[in-house]
């Protein structure tokens, strides 16, 4: 049986393009599950419902790997559960190699799963390197700003201690804007002012 999963990060975003591609692939409307939540974890209402329905031999279809989730370490863990424990197949529509189904001439589904697992491992490595690179660039920006004597406009004691961490998570897409505001307890304008200073390193 075919199942589809679509996700956007906030209620204001639109699922139409993902839904259209899932339907075009052949997923029945009743088997499409949608969430409008952050992809930082798999603790999402519709996804958890979908997970319970998947049985051995079923096929899960998603438009892109980041619709499944944002955290590659968690995606790898979930991918292993779906393909090895639940024994489902997975197709990622915008990346042909992320397809665990048997391919003609490849010796069966074992090779299909091996190739998909390998590609996912590579993507995970690239994503983690990019995360580290972003953090390093942000740290260098802060250091440069301090060396220039740049002030953030308020005494340091008034800035949230978690500000840099929240900015990094926001840049990486692991936090929505609303979640970032909630964590820092800053007003929208204040948040943007600090964020622009932080990203420019000036």
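A full extension of the chain between residue 132 and residue 178 corresponds to an added length of 14.1 nm, given 0.36 nm per residue minus the alpha carbon distance. Packing, as the average of other Cβ atoms within 10 Å across residues, places the peptides 86-95, 5-14 in the order 86-95, 5-14, highest first. Projected over all directions and averaged, the alpha-carbon convex hull of the range 2-127 occupies 7.3 nm².
Any read-out appearing in this document is the output of simple, stated calculations on the displayed coordinates, not a laboratory observation. Given the structure is predicted, the values throughout are model-derived calculations rather than measurements. A quick note on method: Cβ atoms are made from the backbone with ideal geometry, for glycine too, and the neighbour counts reach across all protein chains shown.
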